[in-house]
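The values are calculated or read from the model by the stated rules, or taken from the named source; none is laboratory data. The model shown is predicted, which means the values in this text are computed figures rather than measured ones. Please note: Cβ atoms are built from the backbone with ideal geometry, for glycine as well, and neighbour counts cover all protein chains shown. These area figures cover heavy atoms from the full protein model, side chains too; ligands, DNA and RNA do not enter into them. Shrake-Rupley method; radii C 1.70, N 1.55, O 1.52, S 1.80 Å.
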Amino acid sequence: MASPTETLEFQAETRQLLQLVIHSIYSNKDIFLRELISNASDALDKLRLESLTDTGLAVDTSDLHITLDIDRDARTLTVRDNGIGMTREDVVDLIGTIAKSGTASLLAKIKEAKDADAAQSLIGQFGVGFYSAFMVADKVTLHTRRAGTEQGTVWASDGEGTYTIAEADDLPVGTSVTLHLKPADGEDGLGDYLAAWKIRQIVKRYSDFIRWPIRMAAEPVEAGAESATDEKAAVVPETLNSMKALWARPRSEVTEAEYHEFYQQISHDWQAPAETIHMRAEGTFEYEALLFIPAHAPFDLFSRDTKRGVQLYVKRVFIMDDCDALMPNYLRFVKGVVDAHDLSLNVSREILQHDRQITAVRRRLVKKVLSALKDMQAANTDAYTKLWEQFGRVIKEGLIEDRDSTDTLLELVSAQSTNAPEKATTLREYVARMKDGQDTIYYLTGESRQMVENSPHMEAFTAKGYEVLILTDPVDEVWTDQIPAFDGHRFQSIAKGQVDLDNDADGDGSDEAKADKARREQDFAALLAWLQTALAEHVKQVRLSTRLTTSAACLVGDAHDVTPTLEKMYRAMGQDLPTVKRILELNPTHPLITALHQAHQAGADDPTLADIAELVHGSALLAEGGDLPDPARFTRLLTDRLTHTL
C-alpha cells in the first residue's frame with residue numbers, strides 16, 4: 001500500500017438513503033449484476049473515446065471486455081473491466097454521488113410518500129446502481145486505476161456506517177468490483193449467484209446486447225479428466241452475451257433472416273412478421289427502435305390480463321418488458337425494442353408515464369406504425385386485408401383512444417359493405433362510389449353480416465341502390481357514435497333518426513310525392529296516436545316509415561340514442577343505464593298494417609287490437625335480433641292469434 005487506509009463515516013442522511021436503496025428500490029435482486037455490468041460498459045466506452053481524443057494516452061484498446069469471476073471457496077463474485085478506471089478523487093466523487101443526493105429534503109419527500117411505489121419513483125431518479133450490490137453482498141470491495149496514472153485506489157464498505165479508501169500499487173488499468181455474497185435465500189429473493197447458470201441467465205436477460213464481450217471462466221473440469229489438454233480447454237472463458245443489437249446497426253447491414261430470428265426471440269412467434277420497422281431518432285432525445293407487426297393475432301389479444309408494450313433498453317441495457325408507456329393499448333400487438341440513450345437505468349413505470357420525452361417518443365412510434373400500415377394498404381392490398389382481419393378490431397379501438405390519429409386511422413378502416421359480398425372496402429373507396437348528391441356515409445351495426453343484410457332497416461337502401469357499410473365488431477358500436485365524419489361526410493346509422501331517401505339524388509322529391517306523404521300521415525294519425533298509448537311502456541313514439549319496403553315494422557333510435565347493443569355492453573361492464581325507449585316505425589303499405597288500420601277505424605275499443613300491437617312490436621324486435629321483454633307472453637299471444645285464423 002502506498003498510503004495508510006482511511007476509514008470514513010457515511011453521513012447520517014446517506015446511511016438512511018443507502019438502506020432505502022438496499023431494501024426498497026429494487027424488487028428484483030438480480031438487477032445488481034445489470035447495474036455493475038452497465039457501469040463497466042460505460043467505463044469501456046469512455047476509454048475508447050478518450051483514446052481517440054487524447055493521442056498521448058498510452059492504452060491498449062484492442063481487447064476491451066468485461067470479465068465475471070466466481071470464487072466458490074471465498075464466496076465472491078467479481079465484475080472486472082479494462083476500461084477508463086478512476087482516480088482516488090473519482091472514487092470519492094462518483095461512488096459518493098449517493099451522499100451528494102442524500103439530502104434532508106429528499107429524505108423528507110420519501111418519508112412523506114404513503115407507499116413503496118411512491119418512494120421507489122422518487123429514489124429512481126438518482127444514480128444509485130452501484131449500491132444495489134449491497135442487496136446481495138455483506139461487503140463490497142472496489143479496485144481501480146485510471147488510465148494514464150500510476151496510482152491505484154481501493155475502496156471497501158459493508159454498507160452500514162463506514163467505508164475505507166486507500167491508495168494501492170500495481171493495479172491494472174480499469175475497475176474490479178468484488179462482492180462478498182450473502183447466502184442464497186429464496187424467500188428473500190436472493191439467488192445463488194455462485195452458480196454459473198444463474199449468472200448466464202441474468203446476463204442473457206439484461207445485458208445480452210451490451211456492445212462489449214462479457215466473459216466468464218468456464219466451470220472447472222471434474223476430477224478424472226483424461227488429459228491436461230482437456231482441462232486447459234475447459235477453462236477458456238466463454239462469452240455470455242450475443243452483442244447483436246440489430247437496432248443499433250444500419251438497416252442496410254441487417255438481413256431479413258436476422259430480423260426474423262430476432263423477432264422470434266422476443267415474440268416466441270415462429271412465423272415471419274408481416275412488417276418490420278427499423279428507425280433511429282437523433283437530436284435532443286436519441287433513441288433507436290426495431291418494431292415488428294405480427295402476421296397473426298396472439299390467442300390472448302383480447303384477454304384482460306394480456307401484456308402489452310415493447311421492450312425498453314437504455315444504452316443496450318434491458319430495463320423492462322411490456323413498456324406500455326411507449327405503445328398505446330390499440331397497438332398492443334406490436335412487438336419490438338426501443339433503446340433510449342438519455343434515460344436513467346433506474347427509471348420506473350411511474351416516471352415513464354409522466355416523462356415528456358417518452359410521450360414524444362410514443363407519438364413518433366405510433367405515427368411510424370400507422371404509416372407502415374398505410375404503406376402496406378397501398379402497396380399490397382391482399383397482405384393488408386389479411387392483417388386487418390387479424391387486428392382490425394384492435395386498431396379501431398384507436399378511434400376511441402387516440403383522437404390525435406383519428407384521420408389516419410379512418411383511412412386505415414376496412415369494412416364489409418353491400419357493394420361487394422366478398423371484398424371489404426375502405427372509407428375512401430366508399431366515398432368515391434357515393435351517388436351524386438349523397439353526402440352521408442350510411443352504415444348498420446349488428447352481430448353478423450347475415451343479420452345486418454336481413455335487417456328491415458336495409459330494405460329501402462337495397463331497393464334504391466344505396467351502399468351501406470356492414471359493421472359487425474363490438475367496437476363499431478362505440479367509435480361510430482363518437483366520430484362525426486370522414487372527409488367531410490358524416491356517418492349515419494340507418495337504424496337511427498329519420499331516413500328520407502326521397503330527397504336524395506335518385507329519390508322522388510316531387511310535390512305530388514310530398515302531398516301523398518302528408519295525406520297518408522293524416523290518414524294514419526289516429527292509429528299512430530292509439531299505438532303510442534298502447535305501447536307506451538316499450539316505445540316513445542310511433543310513426544310511419546320511409547325505410548321499409550317489405551317488412552311491416554321496425555324499431556329505430558333517435559339520432560343520439562345509445563344503441564341496444566351498446567346498452568347491453570355498458571350493462572355487462574356494470575354501468576346501470578336507464579332503459580332507452582325507441583321509435584316504432586310502420587310500413588303503411590304492408591297488408592298487416594293496412595288491416596290493423598282498418599280494424600282500428602272500425603272499432604278502436606276492440607281488445608284484440610292491443611294484442612296485435614304487442615305482436616307487431618315484438619316481431620320488429622325479433623327481426624333486428626333483439627330480446628323480447630316477455631318471451632312467454634309473446635308466444636301465448638302469437639299462438640292465440642294463429643288459433644283464431646284456422
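Which one of A525, A552 is buried (at least 16 other Cβ atoms within 10 Å of the Cβ), among the small types (G, A, S) and out of contact with any Gly (no Cβ under 7 Å at 6 or more places or on another chain)? Please lay out each step first, then the result.
Details: A525 fails: buried (at least 16 other Cβ atoms within 10 Å of the Cβ).
From the options A525, A552, the qualifying one is A552.
So T440 clears everything in (1) among the hydroxyl-bearing types (S, T, Y); (2) open to solvent by 70 Å² or more (accessible area, probe 1.4 Å); (3) out of contact with any Ser or Thr (no Cβ under 9 Å at 6 or more places or on another chain) except one condition, right? Which one?
(2)
Quick check: is even one residue across the stretch 539-561 at pLDDT 90 or above and assigned to a helix (DSSP H, G or I)?
no
Which of the residues that make up the stretch 202-238 are surrounded by 15 or more Cβ atoms within 10 Å (Cβ to Cβ) and either acidic (D, E) or modelled with pLDDT of 90 or more (or both)?
Answer for the stretch 202-238, where residues must be surrounded by 15 or more Cβ atoms within 10 Å (Cβ to Cβ) and either acidic (D, E) or modelled with pLDDT of 90 or more (or both): I202, V203, Y206, S207, D208, F209, I210, W212, P213, I214, R215, M216.
Quick test for you: out of A599, A595, pick the one residue that is in contact with a helix residue (DSSP H, G or I) (Cβ under 8 Å, 6 or more places away or on another chain), free of Cβ contacts under 8 Å to residues at least 40 places away in the same chain, assigned to a helix (DSSP H, G or I) and farther than 19 Å from A536 by Cβ.
Residue meeting the stated conditions: A599.
Does any residue of the stretch 265-280 turn out to be buried (at least 20 other Cβ atoms within 10 Å of the Cβ) and at pLDDT below 90?
For the stretch 265-280, residues buried (at least 20 other Cβ atoms within 10 Å of the Cβ) and at pLDDT below 90: absent.
Out of the residues in the stretch 533-545 that are free of Cβ contacts under 8 Å to residues at least 40 places away in the same chain and not aliphatic (A, V, I, L, M), state the one that is most open to solvent (accessible area, probe 1.4 Å).
E537
With (1) at pLDDT 95 or above; (2) surrounded by fewer than 16 Cβ atoms within 10 Å (Cβ to Cβ); (3) out of contact with any helix residue (DSSP H, G or I) (no Cβ under 7 Å at 6 or more places or on another chain) as the list, and R428 as the residue in question, which single condition is left unmet?
Single failed check for R428: (3).
Please specify each residue of the stretch 467-482 satisfying the condition of being under 22 Å from the mean Cα position of the chain (by Cα) and part of a loop (DSSP other than H, G, I, E, B).
D473, P474, V475
Is it fair to say F302 is closer than 21 Å to R393 by Cα and under 12 Å from the mean Cα position of the chain (by Cα)? Break it down into steps so the answer makes sense when it comes.
Numbers: closer than 21 Å to R393 by Cα: yes; under 12 Å from the mean Cα position of the chain (by Cα): yes.
Taking the combined requirement at face value, the residue satisfies it.
Just give me the residues in the stretch 611-638 being open to solvent by 40 Å² or more (accessible area, probe 1.4 Å) and either modelled with pLDDT of 90 or more or in a helix (DSSP H, G or I) (or both), in sequence order.
Those that are open to solvent by 40 Å² or more (accessible area, probe 1.4 Å) and either modelled with pLDDT of 90 or more or in a helix (DSSP H, G or I) (or both): D611, E614, S619, L622, A623, D630, P631, A632, R633, T635, R636, L638.
Before we move on, is K464 over 28 Å from the mean Cα position of the chain (by Cα) and of a type in the set (K, R)?
Criteria met by K464.
Give the residues of the stretch 303-315 that are open to solvent by 40 Å² or more (accessible area, probe 1.4 Å) and touching a residue at least 12 places away in the same chain (Cβ under 8 Å), sorted by residue number. Reasoning before the result, please.
Taking the stretch 303-315 and keeping what is open to solvent by 40 Å² or more (accessible area, probe 1.4 Å), we get 303-305, 307-308, 315.
Hits for the stretch 303-315 are K307, R308, K315.
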